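In what follows, a structure is listed as structure tokens, so that the remarks can point back to it.
The values are calculated or read from the model by the stated rules, or taken from the named source; none is laboratory data. What you see is a predicted model; the values in this text were computed from it and never measured. When we count neighbours, we look across all protein chains shown, and the Cβ atoms used for this are built from the backbone with ideal geometry, even at glycine. The protein model used for the area step is the full one, side chains on, heavy atoms only, and it has no ligands, DNA or RNA in it. Shrake-Rupley method; radii C 1.70, N 1.55, O 1.52, S 1.80 Å.
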Amino acid sequence: MTEPKTVPIGGRAARCPFSPVDELYDAQKDEELSRVKVPSPMLGEFDAVVVTRYDDVKTVLADSGLRMGGAMPYQPGNLLSYDGPEHTKLRRMLTASFTTKRARELRPGIEAVVGSALDAVEEAGQGADLVQLFSTPIPTLVICELLGVPYADREGFQHRTALALDLAQSREVQMEKAAEMMAYMGRLVALHRESPGDNVLGRVVREYGDQLSDEELAGIGNMLLIAGHETIANTLSASIALLLQHPEQLAAVRDDPSVTHSAVEELLRYISPATILPRQAADEICVRDQKIDKGEYVVPSVLAANRDLGADGQDPDRLDVRRPAQRHFAFGFGPHQCLGQQLARMELRVALPALFARFPTLRSAVPLEELGYRTNALVFGVNALPVVW
Ligand code: HEM
């Protein structure tokens, strides 16, 4: 057997962080599943089976023999820490707040939030940083409103979240930040226990408060707060950076509302913001007749699989906002697939065309090759995006 290669955890190429590293493309061609060493400060360097083909990723994410347990530190209330019936039970308590219908009802509120973010960019003038003034405030305001978290507290929780999700931080720092987030949310939960608000946290307390501990409620709140702002903020920034590199496609998103739907799916597919979705085999399982032993870690690469469109997808390495929406794994697949995906889609569909319409001559204020990317975080993104128009 060959010695496992070390593959960077995000699996993104240094020359183009939107693309998978060559090792992932090689693994995709290989008939045999590849075993790699994945460097992670959170778990230490660990050996994992890396899964890169579209069909294999689908199999793995749908397989109930693969567990979250072990692959992620346990956090009460965080859906990603649960499997099987316990996961289903907890997830059902939350689904009503995240339906397509609910996302549609939120549209006017999202439009208002996007409008004020655009005003702030205009006010800041040439050189304004879209990460600070556009991509981050929009999802943060929306999720705060939805959850019942005071927006005034954002600096604290944004800072803690960024450190907790930064894979370059030590495990100690990540654990410390996670504990601070639990303490913060615990105080909010206590307020909702006294007087449940008209929002997601209030609703969960009202309907299921007797079945959930304070710790679980705080965990639910944190999961939604983190997943609800960090992911969309990074996806928005990365989408803008990518479209600035493809002016003709940016123009299509700006001028033709009929491409909005396919453009958002294509950006999600192409960017694949959530880097890795680690799992651990609860029992021996098989993928394409190949054995994965009990206890082995399995890392499906969403990024690689989203570039493997099979027969119905032409030229998957090309960004094409007019491409009919493809099946992709940007929101995962199977029991753990993203609870907030309809909300995320709605925010992206409102925010991107509105930005380009307000600033039709938008350009990066720095050479595009100088933009700094977050390649070592659980969610891929851009550090800063100064623009002129
Ligand atoms: C563009 C934005 C987003 C992306 C790319 C994204 C991506 C993902 C992915 C890939 C998963 C599956 C993780 C796995 O299987 O290991 C997931 C799960 C999840 N996401 Fe999102 N997400 C986004 C936005 C949101 C938002 C806005 C919310 C909530 C308000 C949210 C809440 C969740 C939750 C609660 C889970 C766990 C579901 C479960 O384990 O059952 N996400 N997300």
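Checked against (1) modelled with pLDDT under 90; (2) in contact with a strand residue (DSSP E or B) (Cβ under 7 Å, 6 or more places away or on another chain); (3) open to solvent by 40 Å² or more (accessible area, probe 1.4 Å), LYS294 meets all criteria but (1).
Any idea which residue in the stretch 68-85 is modelled with the highest pLDDT, counting only those that are outside any loop (DSSP other than H, G, I, E, B) and away from the ligand (no atom under 11 Å from the Cβ)? Step by step, filter the stretch 68-85, then rank; the result is PRO85. ARG91 falls short of the stated requirement of being in contact with a helix residue (DSSP H, G or I) (Cβ under 8 Å, 6 or more places away or on another chain) and over 30 Å from TYR297 (Cβ atoms). In the stretch 193-232, the qualifying residues are those that are closer than 14 Å to CYS144 by Cα and more than 26 Å from the chain's Cα centre (by Cα), and the one that is surrounded by the most Cβ atoms within 10 Å (Cβ to Cβ) is GLY197. For the stretch 361-389, a tally of residues being within 19 Å of ALA13 (Cβ to Cβ) and of a type in the set (Gly, Ala, Ser) returns 3.
Sub-8 Å Cβ pairs linking a first residue in the stretch 182-193 that is in contact (Cβ under 8 Å) with a residue 24 or more places away in the chain to a second residue that is assigned to a helix (DSSP H, G or I) and of a type in the set (S, T, N, Q), at least 6 apart or interchain, are MET182/ASN222; MET185/ASN222, ordered by first then second residue.
Consider SER97 carefully, then state whether it is modelled with pLDDT of 95 or more, of a type in the set (S, T, N, Q) and assigned to a helix (DSSP H, G or I). Step through it out loud before you land on a result.
Numbers: modelled with pLDDT of 95 or more: no; of a type in the set (S, T, N, Q): yes; assigned to a helix (DSSP H, G or I): yes.
It is false that SER97 is modelled with pLDDT of 95 or more, of a type in the set (S, T, N, Q) and assigned to a helix (DSSP H, G or I).
Pairs are defined by a Cβ separation below 8 Å, a sequence spacing of at least 6 or placement on different chains, a first member in the stretch 316-344 that is over 25 Å from ASP63 (Cα atoms) and open to solvent by 50 Å² or more (accessible area, probe 1.4 Å), and a second member that is more than 10 Å from the ligand (Cβ to nearest atom) and not in a helix (DSSP H, G or I); the pairs so defined are ASP317/SER19; ASP317/ARG307. Take the conditions farther than 16 Å from GLY340 by Cα, small (Gly, Ala, Ser), modelled with pLDDT under 95 and open to solvent by less than 20 Å² (accessible area, probe 1.4 Å) and apply them to ALA281. Does it pass? Yes.
Restricting attention to the stretch 70-112 and to residues that are among the small types (Gly, Ala, Ser) and within 20 Å of the chain's Cα centre (by Cα), the residue that is farthest from GLN174 (Cα to Cα) turns out to be ALA103. Within the stretch 100-124, restricting attention to residues that are open to solvent by less than 60 Å² (accessible area, probe 1.4 Å) and β-branched (Val, Ile, Thr), the residue that is nearest to the ligand (Cβ to nearest atom) is ILE110. Just checking, does the stretch 304-315 include any residue being in contact (Cβ under 8 Å) with a residue 40 or more places away in the chain and acidic (Asp, Glu)? The answer is yes, given that some residue of the stretch 304-315 is in contact (Cβ under 8 Å) with a residue 40 or more places away in the chain and acidic (Asp, Glu).
Inspect the stretch 73-94 for any residue being open to solvent by 20 Å² or more (accessible area, probe 1.4 Å), of a type in the set (A, V, I, L, M) and touching a strand residue (DSSP E or B) at 6+ places or on another chain (Cβ under 9 Å) and give the result as yes or no. For the stretch 73-94, residues open to solvent by 20 Å² or more (accessible area, probe 1.4 Å), of a type in the set (A, V, I, L, M) and touching a strand residue (DSSP E or B) at 6+ places or on another chain (Cβ under 9 Å): present. Could you tell me whether any residue of the stretch 261-270 is modelled with pLDDT of 95 or more, in contact with an Asp or Glu (Cβ under 6 Å, 6 or more places away or on another chain) and within 12 Å of the ligand (Cβ to nearest atom)? The answer is no, given that none of the residues of the stretch 261-270 is modelled with pLDDT of 95 or more, in contact with an Asp or Glu (Cβ under 6 Å, 6 or more places away or on another chain) and within 12 Å of the ligand (Cβ to nearest atom). Could you check, for the stretch 327-344, whether at least one of its residues is over 30 Å from GLY77 (Cβ atoms) and within 16 Å of the ligand (Cβ to nearest atom)? Checked the stretch 327-344: at least one residue is over 30 Å from GLY77 (Cβ atoms) and within 16 Å of the ligand (Cβ to nearest atom).
So that you can scan it fast, the table gives a plain yes or no per residue for (1) modelled with pLDDT of 90 or more; (2) in contact with a helix residue (DSSP H, G or I) (Cβ under 6 Å, 6 or more places away or on another chain); (3) assigned to a loop (DSSP other than H, G, I, E, B):
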residue: ALA103; (1), (2), (3): yes, yes, no
residue: VAL113; (1), (2), (3): yes, yes, no
residue: THR140; (1), (2), (3): yes, yes, no
residue: CYS144; (1), (2), (3): yes, yes, no
residue: GLY156; (1), (2), (3): no, no, no
residue: ARG203; (1), (2), (3): yes, no, no
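Within the stretch 352-389, how many residues turn out to be open to solvent by 50 Å² or more (accessible area, probe 1.4 Å), closer than 30 Å to CYS338 by Cα, among the hydrophobic types (A, V, I, L, M, F, W, C) and in contact with a Leu (Cβ under 7 Å, 6 or more places away or on another chain)? The total comes to 0. When residues in the stretch 238-285 are screened for being in contact with a strand residue (DSSP E or B) (Cβ under 7 Å, 6 or more places away or on another chain) and among the hydrophobic types (A, V, I, L, M, F, W, C), 9 of them pass.
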